[in-house]
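Participant: Sharing a structure with you now.
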Amino acid sequence: MKKLLAIISISLLVLAGCGSSGNFEAQTNWKVQDFNDVNQHNKKVSLEDLKGTVWLATFIFTSCTSVCPPMTFNMSEIQQMLQDKGIEDYKIVAFSVDPEVDTPQKLQEYLANYDVADESKWELLTGYKQDEIASFAEKSFKTLVKDDPNSNQVIHGTSFYLVDQNGIVVKNYSGVSDVPKEEIVMDVESLIKDGK
């Protein structure tokens with residue numbers, strides 16, 4: 001039974017981590033559920049606060065020993081590319097999947113390990129319960145968040161998600177390997193222009 005669960009979990013992770021390209025509407029079109037969490041500066045951030053802004057979403061945790069460091073590095077490179085193109089009207093929102101451990105201070109310390117072009121664009125969120133983020137991830141982003149019973153790690157999807165000005169997930173991409181950074185930058189730019 002454990003072996004079957006492991007195979008299912010790995011399959012879900014692979015599926016959740018798969019990126020894709022093409023028409024926005026054909027990709028996702030999921031509505032992000034309402035949230036009102038705290039960021040790395042202990043300030044409240046809600047879905048309403050992000051209304052009118054294009055954002056990139058992902059799931060991470062500070063004690064992650066596998067996928068989160070490369071994901072955060074890749075996101076920081078995407079931000080540098082956005083900055084190099086003069087694109088400014090966006091946010092990067094990372095939801096902690098280990099909220100009991102990830103305090104605002106821990107999230108701030110985590111982000112300080114990366115060379116981010118503009119920290120004010122990042123919202124690293126916490127302040128909810130583990131079962132709440134698992135439900136939120138499944139309903140809003142169709143991805144898995146689950147404690148690993150054999151370690152202090154959390155199993156979670158590895159995608160980056162493009163969210164439009166109305167809180168609709170319009171596209172998802174691989175966040176760990178073969179990350180389509182140029183495509184993400186073009187899609188963010190295109191969505192910002194379409195919304196003006």
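Participant: Out of (1) surrounded by fewer than 22 Cβ atoms within 10 Å (Cβ to Cβ); (2) within 15 Å of the chain's Cα centre (by Cα); (3) at pLDDT 95 or above, what's the single condition that is false for ALA134?
Facilitator: (3)
Participant: Another question, if that's okay. What helices (runs of 4 or more DSSP H) completely inside the stretch 24-101 contain at least 3 residues that are open to solvent by 10 Å² or more (accessible area, probe 1.4 Å), closer than 19 Å to TYR114 by Cβ and not hydroxyl-bearing (Ser, Thr, Tyr)? Before the answer, list the steps.
Facilitator: Numbers: elements: 24-27, 47-50, 68-84.
In the stretch 24-101, the matching helices (runs of 4 or more DSSP H) lie at 68-84.
Participant: Shifting gears a bit: Which of the residues spanning the stretch 142-176 are small (Gly, Ala, Ser) and surrounded by fewer than 17 Cβ atoms within 10 Å (Cβ to Cβ)?
Facilitator: First pass over the stretch 142-176, keeping only residues small (Gly, Ala, Ser): 151, 157, 159, 167, 174-175.
Matches in the stretch 142-176: SER151 only.
Participant: Quick check on CYS68: is it touching a residue at least 40 places away in the same chain (Cβ under 8 Å) and of a type outside the set (Gly, Ala, Ser)?
Facilitator: Answer is no for this residue.
Participant: So which residues in the stretch 115-131 are among the aromatic types (Phe, Trp, Tyr) and crowded, with 20+ Cβ neighbours inside 10 Å, if there are any at all? Steps first, please.
Facilitator: Let us first name the residues in the stretch 115-131 that are among the aromatic types (Phe, Trp, Tyr), namely 122, 128.
Result: TRP122, single match.
Participant: Can you find a residue in the stretch 138-145 that is part of a strand (DSSP E or B) and touching a residue at least 24 places away in the same chain (Cβ under 8 Å)? Break it down into steps so the answer makes sense when it comes.
Facilitator: Our first condition is that a residue be part of a strand (DSSP E or B); within the stretch 138-145, this holds for 145.
Filter once more, keeping what is touching a residue at least 24 places away in the same chain (Cβ under 8 Å): 145.
Checking the stretch 138-145: at least one residue is part of a strand (DSSP E or B) and touching a residue at least 24 places away in the same chain (Cβ under 8 Å).
Participant: Take the residues in the stretch 177-196 that are more than 16 Å from ILE92 (Cβ to Cβ) and in a loop (DSSP other than H, G, I, E, B); name whichever of them is least open to solvent (accessible area, probe 1.4 Å).
Facilitator: So the first thing to find is which residues in the stretch 177-196 are more than 16 Å from ILE92 (Cβ to Cβ), and the list is 177-178, 180, 182-183, 186, 190, 193-196.
Now narrow it down to the ones that are in a loop (DSSP other than H, G, I, E, B): 177-178, 180, 195-196.
Numbers: SER177: 69, ASP178: 143, PRO180: 31, GLY195: 53, LYS196: 178 Å².
Selected residue: PRO180.
Participant: From the list SER66, SER21, exactly one residue is at pLDDT below 95 and either charged (D, E, K, R) or more than 17 Å from the chain's Cα centre (by Cα) (or both). Which is it?
Facilitator: SER21
The values are calculated or read from the model by the stated rules, or taken from the named source; none is laboratory data. Everything numeric in this text was worked out from a predicted model, so none of it was measured. Don't worry about glycine lacking a Cβ; one is built from the backbone with ideal geometry, like all the others, and counts go over all protein chains shown. Surface areas here come from the heavy atoms of the whole protein model, side chains and all, with no ligands, DNA or RNA. Shrake-Rupley method; radii C 1.70, N 1.55, O 1.52, S 1.80 Å.
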